[in-house]
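Have a look at the structure below before the remarks.
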Amino acid sequence: MSAELLEADVCVVGAGAGGAVLAAELAEGGARVVVLEQGPRHDPDGFTARPMQMMARLYRDAGQTFTLGNPPILLPLGRGLGGTTLVNSGTCFRTPAHVLGRWREEHGLELDGGRLDGCFARVERALSVAEVTPELAGANAAVARRGAERLGWSHGYLRRNARGCVGSGVCAFGCPTSAKQHTGITYVPRAQAAGAEILTGADVRRVVVREGRVQGVQARLAPGGPPSGGASARQSAAASARRRSAGVLEVRAPRVVVAAGTVHTPGVLARSGVGAASGALGRNLVLHPATAAFALMDEVVDMAKGVPQSFYVDEFAAEGIMFEGVAGPPAYAALALPLTGARHRAAMADYRRLAQFGLMVSDDSRGAVGERLIRYDLSARDVAKFRSGLAHLEELLRAAGAREVYLPLPRGVTPERARARDLKLMAFHPLGTARADADPARGVLDPDLRVHGIDGLYVADGSVMPSSLGVNPQITIMALATRLAFHLLGRPAPSAPTTDEEVPCPS
Amino acid sequence: MADRTALDGFLHAAPWPQRVGLHVLLALGRRPRGVALLRRVAGVEQLAQGVIGMERYEAPAVARALGWDPEAVVARGRALRRAEGRP
């Protein structure tokens, strides 16, 4: 099998929240960048607003990735340019200050005290991050707002990376208006315009390391796979030609950044024989396990008309419990409704009057990812958070005027008696499997996100985080990638914005 | 037929253990005696019926009857992207 050879200053593995940001910042800073993305480039003209079709196309394993443990947890991951930012809800929270404080105290990471503010501001500008308006949020958010106001609970509209959003209601199934500013349509085009070469269908097998120094990357290229892109039409054509003719690609680069995501980055490092010294590689997996309840309202809600995730209730954030909006079209609701038989059919007949709201837990449980399996058991402490959270969620929906509340529990099981195996959970924020820690005995990466003991090898995705955030992680990943890009360019990180540009974190 | 294709695509894109498992669950979930069998395992009946329901409500005509028109959503998106030069 012939091997094609590329050379670059930096090779970036993955084009999701971390890799795309890093590639754009590096390329615009003058570096020669090659990006290797395993998934395809998705054309919005192919988005159908039909959940089942789009899950098969946009998600890894058709969205059927799950963890093994008590309980099993569905863990949907995006696949393609943009990574999971392609299919997430677009919610943007800066890292809570107490989390950054904990990272300093327990892991020696000096990111608190406003050190990341300039990076956050730069990301937020690039992604047009702004608060959802009540009109765009729709009636599903209005239900939660009414409940929170009647109970006197802290709440607000979420900040999102969207521009020109009309509330299509299918953020998780491919935004048909391209309003959601995922990295596949923001940072990736910037990277290409600045000269980066982006290869899709590139399955990275290993990072080549000799005598403690990175040499490059070896990848398999899918024959006849999706097209690739480069800095210009000529380069794109050349890249496409390479894709058709070559089965193996080697990228020689003195610096490699692995950004394959929390579930897959440990595999890339392990196959490369690096990062295992601390014993932390692949371990310390946190997920923000989540669930949701439905409510039957008197009024028409039409939950999919508006921004599905537009509103939050953070009254119990200090206890590790966060409520956020969730909604979708009838096919989505049919899958998510925690009912069976005639009750399921009756609830679906009343779809227009159904509201839904989600519950996410900042987890203390720890799992592990292997080459094939993901292990995760919910700790007793996290089960207690779900018991409390589900009781509060029911209270919220009843206060909003719900006629009936459908909790994600077996019939006859109340929140206070729920066991781990009773919970119907999903998770969207895997983090921590290559955590950073100043002590090489406790972490895979140093505070600059370099693999301990390996010159030139870095990581830039959710795996770097030492703990749960308690909030959606996408712009934390992007801010850390921005910081790393400036570090690799040998430049100071973006400076903090002026006071009037600062954005408070609600939790 | 279109919806059968959607389900086939959903199953085809799954890893083989999930694909095989779902084939079995769906076969049982479509038969009364199979449903009775699924009911014995907590959560499994809900999963099977959820996927069957997802296929049913994915059909545009069925979704439209519930106030959701995927074709209109897509057409509006396409028009906006063309008119405003969005990606």
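The values are calculated or read from the model by the stated rules, or taken from the named source; none is laboratory data. Only a predicted model underlies this, so the values are computations on that prediction, with no experimental measurement involved. Reconstructed Cβ throughout: ideal geometry from the backbone, glycine too, with neighbour counts over all protein chains shown.
What tally of residues in the stretch A:124-159 results from selecting those that are out of contact with any Leu (no Cβ under 7 Å at 6 or more places or on another chain) and either of a type in the set (Val, Ile, Thr) or free of Cβ contacts under 8 Å to residues at least 24 places away in the same chain (or both)? Residues in the stretch A:124-159 being out of contact with any Leu (no Cβ under 7 Å at 6 or more places or on another chain) and either of a type in the set (Val, Ile, Thr) or free of Cβ contacts under 8 Å to residues at least 24 places away in the same chain (or both): 9 in total.
Of all residues being charged (D, E, K, R), in contact (Cβ under 8 Å) with a residue 24 or more places away in the chain and assigned by TED's automatic domain parsing to the domain that holds residue A:264 in the stretch A:79-123, which is farthest from residue A:21 (Cα to Cα)? Just the residue, please. Spell out how you get there, then give the answer.
Applying the first criterion (charged (D, E, K, R)) to the stretch A:79-123 yields A:79, A:94, A:102, A:104-106, A:110, A:112, A:115, A:117, A:122.
Subsequent filtering for residues that are in contact (Cβ under 8 Å) with a residue 24 or more places away in the chain retains A:79, A:94, A:102, A:106, A:110, A:115, A:117, A:122.
Next cut, assigned by TED's automatic domain parsing to the domain that holds residue A:264 only: A:94, A:102, A:106, A:110, A:115, A:117, A:122.
Numbers: A:94: 16, A:102: 26, A:106: 27, A:110: 21, A:115: 18, A:117: 16, A:122: 11 Å.
Out of the qualifying residues, it is A:106.
Only one of A:144, A:121 is assigned to a helix (DSSP H, G or I) and farther than 30 Å from residue A:491 by Cβ. Can you tell me which? Quick ask: steps written out before the conclusion?
On the way: A:121 fails: farther than 30 Å from residue A:491 by Cβ.
Only one candidate qualifies: A:144.
Looking at (1) out of contact with any helix residue (DSSP H, G or I) (no Cβ under 9 Å at 6 or more places or on another chain); (2) assigned by TED's automatic domain parsing to the domain that holds residue A:313, find the lone condition where residue A:418 falls short. Answer for residue A:418: the failing condition is (1).
Cβ-Cβ contacts under 8 Å between residues 6 or more apart (or on different chains), taken from a first residue in the stretch B:4-15 that is more than 18 Å from residue A:76 (Cβ to Cβ) to a second residue that is of a type in the set (Phe, Trp, Tyr), are absent. Number of residues in the stretch A:46-75 that are part of a helix (DSSP H, G or I), over 19 Å from the mean Cα position of the chain (by Cα) and at the interface with chain B (Cβ under 7 Å from one of its Cβ atoms): the value is 2.
Residues A:443, A:401: which one is touching a helix residue (DSSP H, G or I) at 6+ places or on another chain (Cβ under 9 Å) and buried (at least 18 other Cβ atoms within 10 Å of the Cβ)?
Values: A:401 fails: buried (at least 18 other Cβ atoms within 10 Å of the Cβ).
Only one candidate passes the filter, namely A:443.
Does residue B:42 meet the test of being among the hydrophobic types (A, V, I, L, M, F, W, C) and part of a helix (DSSP H, G or I)? Even if it seems obvious, please write down each step before you answer.
On the way: among the hydrophobic types (A, V, I, L, M, F, W, C): yes; part of a helix (DSSP H, G or I): no.
It is false that residue B:42 is among the hydrophobic types (A, V, I, L, M, F, W, C) and part of a helix (DSSP H, G or I).
Filtered by the rule that a residue be of a type in the set (A, V, I, L, M, F, W, C), touching a Gly at 6+ places or on another chain (Cβ under 6 Å) and part of a loop (DSSP other than H, G, I, E, B), the stretch A:423-442 gives a lone residue, A:438. If only residues of the stretch B:9-27 that are within 9 Å of another protein chain (Cβ to nearest Cβ) and part of a helix (DSSP H, G or I) are counted, the one that is surrounded by the most Cβ atoms within 10 Å (Cβ to Cβ) is B:10.
If I ask for residues that are in a loop (DSSP other than H, G, I, E, B) and either away from chain B (no Cβ under 12 Å) or without any contact (Cβ under 8 Å) to a residue 12 or more places away in the chain (or both), which ones from the stretch A:340-355 would you list? A:340 - this is the single residue of the stretch A:340-355 that is in a loop (DSSP other than H, G, I, E, B) and either away from chain B (no Cβ under 12 Å) or without any contact (Cβ under 8 Å) to a residue 12 or more places away in the chain (or both).
Looking at A:204, A:166, A:217, A:188, which one is assigned to a helix (DSSP H, G or I) and on the phi < 0 side of the Ramachandran plot?
Working: A:204 fails: assigned to a helix (DSSP H, G or I); A:166 fails: assigned to a helix (DSSP H, G or I); A:217 fails: assigned to a helix (DSSP H, G or I).
The unique qualifying residue is A:188.
Looking at the stretch A:58-76, can you tell me whether even one residue there is free of Cβ contacts under 8 Å to residues at least 40 places away in the same chain, charged (D, E, K, R) and within 27 Å of residue A:336 (Cα to Cα)? Yes - at least one qualifying residue is present in the stretch A:58-76. Of the residues contained in the stretch A:394-407, none is found to be more than 17 Å from residue A:316 (Cβ to Cβ), among the aromatic types (Phe, Trp, Tyr) and in contact with a Gly (Cβ under 8 Å, 6 or more places away or on another chain). Of all residues assigned to the stretch A:331-339, none qualifies as being in a strand (DSSP E or B), more than 20 Å from residue A:423 (Cβ to Cβ) and touching a helix residue (DSSP H, G or I) at 6+ places or on another chain (Cβ under 7 Å). Considering the conditions (1) within 15 Å of residue A:476 (Cβ to Cβ); (2) over 15 Å from the mean Cα position of the chain (by Cα); (3) modelled with pLDDT of 95 or more, residue A:94 is excluded by exactly one of them, (2). Here residue A:327 meets each of (1) within 13 Å of another protein chain (Cβ to nearest Cβ); (2) farther than 20 Å from residue A:147 by Cα; (3) touching a residue at least 60 places away in the same chain (Cβ under 8 Å) with one exception, condition (2).
Can you tell me how many residues within the stretch A:136-157 are out of contact with any His (no Cβ under 8 Å at 6 or more places or on another chain) and either surrounded by fewer than 24 Cβ atoms within 10 Å (Cβ to Cβ) or facing chain B (nearest Cβ under 10 Å) (or both)? Walk me through it before giving the result.
In the first step, residues of the stretch A:136-157 are kept if they are out of contact with any His (no Cβ under 8 Å at 6 or more places or on another chain); the result is A:136-143, A:146-147, A:150-157.
Among the residues that remain, those that are also either surrounded by fewer than 24 Cβ atoms within 10 Å (Cβ to Cβ) or facing chain B (nearest Cβ under 10 Å) (or both) are: A:136-137, A:139, A:142, A:146, A:150-157.
Number satisfying all stated conditions: 13.
Scan the stretch A:32-90 residue by residue and report those that are of a type in the set (D, E, K, R) and under 21 Å from residue B:8 (Cβ atoms). First the steps, then the outcome.
First, pick out the residues of the stretch A:32-90 that are of a type in the set (D, E, K, R): A:32, A:37, A:41, A:43, A:45, A:50, A:57, A:60-61, A:79.
Hits for the stretch A:32-90 are A:50, A:57, A:60, A:61, A:79.
Looking at the stretch A:356-398 only, could you name the residues that are in a loop (DSSP other than H, G, I, E, B) and crowded, with 24+ Cβ neighbours inside 10 Å?
Start the filter on the stretch A:356-398 by keeping residues that are in a loop (DSSP other than H, G, I, E, B), which leaves A:362-366, A:370-373, A:376-379.
Residues satisfying the conditions are A:362, A:363, A:376, A:378.
Among the residues making up the stretch A:123-135, those that are of a type in the set (A, V, I, L, M, F, W, C) and either touching a Cys at 6+ places or on another chain (Cβ under 9 Å) or surrounded by fewer than 18 Cβ atoms within 10 Å (Cβ to Cβ) (or both) are A:123, A:127, A:129, A:130, A:132.
Checking each residue in the stretch A:161-212 for being in contact with a Pro (Cβ under 9 Å, 6 or more places away or on another chain) and away from every other protein chain (no Cβ under 14 Å) picks out A:200, A:201. Checking residue B:77 against (1) small (Gly, Ala, Ser); (2) modelled with pLDDT under 95; (3) buried (at least 20 other Cβ atoms within 10 Å of the Cβ), which single condition isn't satisfied? So the condition that residue B:77 fails would be (2).
May I ask you to list the residues in the stretch A:453-480 that are under 16 Å from residue A:283 (Cα atoms) and crowded, with 20+ Cβ neighbours inside 10 Å? Correct list: A:459, A:461, A:462, A:463, A:464, A:465, A:466, A:468.
Of B:63, B:48, B:83, which residue is in a helix (DSSP H, G or I), at pLDDT 95 or above and more than 8 Å from chain A (Cβ to nearest Cβ)? Talk me through it step by step, then tell me what you get.
Values: B:63 fails: more than 8 Å from chain A (Cβ to nearest Cβ); B:48 fails: at pLDDT 95 or above.
Exactly one residue qualifies, and that residue is B:83.
At pLDDT 95 or above and more than 18 Å from residue A:463 (Cα to Cα): does that describe residue A:75? Step through it out loud before you land on a result.
Numbers: at pLDDT 95 or above: yes; more than 18 Å from residue A:463 (Cα to Cα): no.
No; evaluated as a whole, the condition is false for this residue.
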